[in-house]
Amino acid sequence: MEKYVHRRSDRHLPPASLIVFAALLCGFALVNLFWPKRENSELENRKLAQMPVFSVKTLLNGKWQDDFSTYLQDQVALRDGWINLESAVNALAFGKTEESGILNGKDGWMFTKLFTVSTDTEKQLGKNISAVTNFAQRYPGRVTFLLAPSASDIYPEMLPANAPMVDEDAILDDIFAQVQASGADVIDMRDDYRANKDQYLYFKTDHHWTPDGAYRAYQQFCTLKNLTPFDCNVYTKITVPDFYGTHYSATRRWNAQADSFSYYDLPNQMTVYKVNGEADYEPVKTEGLMNLAKLDTRDKYGAFLDGNNGYSVIEGNGTGSILVVKDSYANSFIPYLTANYAKIGVVDFRGLAYGLDSTIEKEGYDQILILYNFQTFISDNKVIYLDRPTTLK
């Protein structure tokens, strides 16, 4: 007896789901092909990979394939959306509280992770303290040291549960004790900030203090120096909304709350100089204290003093002169000094690799303010430039 086996006539057709998947894959590849390519990512604050130049050599050693893979990842269509989706999944599905060295705290807070201080950082910190104390001893009665505490030290209750942050208070106590022993004036903002922590002292999405936090530090400086503080009622206050700072760029936290900040419309002018050598400065441009064009970019905080220039001089409304040696925390602090000094010099060692003795003598600065934030100061390998001897005779 013959047996007949019934076979479906569509036995060679792939499943419908496979067809749909292949269509989506081809469609997405086509979209990627024509998707506009970018040189920079505003949100990630970095340059994106470009199509690598082909050569037989790089093909054979595998470099071209690696570079092409990076290019595809960086230039994928809707890249920002994919990163945001990944951040949301990590937080909601896996409860992840850390991303790229940033801790996602409570109520939208983000903090720089600092669980340990490495041996290298401890050594650098020792060098930095020595540089400051030696500098203060060379200029007795003229140096003020302001070290801003981290937001995590003021708002520890907003950290993720059981986050083992370093004992910042103990380190600050030691730094302040050594600097004060050298004869410098010291401004410690911890007590004031903790007593006023309901105010807008730090950004939630950025590593800086706010201009309001900077103003409180400035008031402490004025009290110490017996100066009349900048009158906020005299000038127009302008608010900048929708600020997402460096911490947000690192984490792309899905439920981030936008920060905002205010600045005052001051008529004072700032001259930015090119650093040609020790105490050798060539004027490049003169502008206001705010680069308004940067308010339309991701790095809105960079509008203050037009970012971090090696050497610049501001025309103030007061008397005498002061030189501010700083990191970017000082950028929102310095405009207030226009009420007190006629000349404000600004040094950022990222753009000036010389000692300051010749500059202080040549430019005739009466006072020197050293202003950093804690986490920069302990590891910055350029603070030691304070102790560099002059090369001029």
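The values are calculated or read from the model by the stated rules, or taken from the named source; none is laboratory data. Small disclaimer: the values here were computed from a predicted structure and weren't measured. A quick note on method: Cβ atoms are made from the backbone with ideal geometry, for glycine too, and the neighbour counts reach across all protein chains shown. Calculation scope for accessible area: heavy atoms of the full protein, side chains included, ligands and nucleic acids excluded. Shrake-Rupley method; radii C 1.70, N 1.55, O 1.52, S 1.80 Å.
Summary table below
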{"item": "Relative intensity, log₁₀ I(q)/I(0), of the range 190-242 from a Debye sum that treats every alpha carbon as a point, q = 0.16, 0.17, 0.24, 0.30 Å⁻¹", "result": "-0.58, -0.65, -1.09, -1.22"}
{"item": "Whole-Å distance, taken between Cα centres, linking the range 220-280 and the range 305-343", "result": "11 Å"}
{"item": "At 0.890 mPa s and 25 °C, Stokes D of the range 154-275 from Kirkwood alpha-carbon radius, µm² per second", "result": "140 µm²/s"}
{"item": "Dimensions (Å) - the range 228-315, Cα atoms, principal axes, largest first", "result": "48, 34, 24"}
{"item": "Where labels lie 7 Å past Cα in the beta-carbon direction, separation of Lys382 and Asp242 in nm", "result": "3.2 nm"}
{"item": "Karplus-derived 3J(HN,Hα), 6.51/-1.76/1.60, for each residue of the range 334-340, Hz, glycine and proline x", "result": "4, x, 5, 5, 4, 6, 10"}
{"item": "Rounded to whole Å, sorted largest first: equivalent-ellipsoid semi-axes of the range 318-385, Cα gyration tensor", "result": "21, 16, 8"}
{"item": "Net +/- balance of residues flanking Asp173 in space, Cβ distance below 10 Å, scoring K and R +1, D and E -1", "result": "-4"}
{"item": "Normalised convex hull volume, the range 268-382, alpha-carbon set, Å³ per residue", "result": "101 Å³"}
{"item": "Accessible carbon and sulfur surface of the range 119-213 relative to its total accessible area, %, 1.4 Å", "result": "46 percent"}
{"item": "Protection proxy ranking, peptides 123-132, 167-176, average beta carbon neighbours within 10 Å, highest first", "result": "123-132, 167-176"}
{"item": "Heavy-atom accessible surface of the range 232-309: percent carbon and sulfur, 1.4 Å", "result": "45 percent"}
{"item": "The range 136-216: Rg to Rh, with Rh as the Kirkwood radius over Cα pairs", "result": "1.02"}
{"item": "5 angstrom amide H check on Phe349, placed H, neighbours 5+ away", "result": "Lys326"}
{"item": "Extension reserve of the Asn291-Asn196 stretch, reckoned as 0.36 nm per residue once the Cα distance is removed", "result": "31.2 nm"}
{"item": "Segment Glu122-Asp173, extension gain: residue separation times 0.36 nm, minus the distance between their alpha carbons", "result": "16.9 nm"}
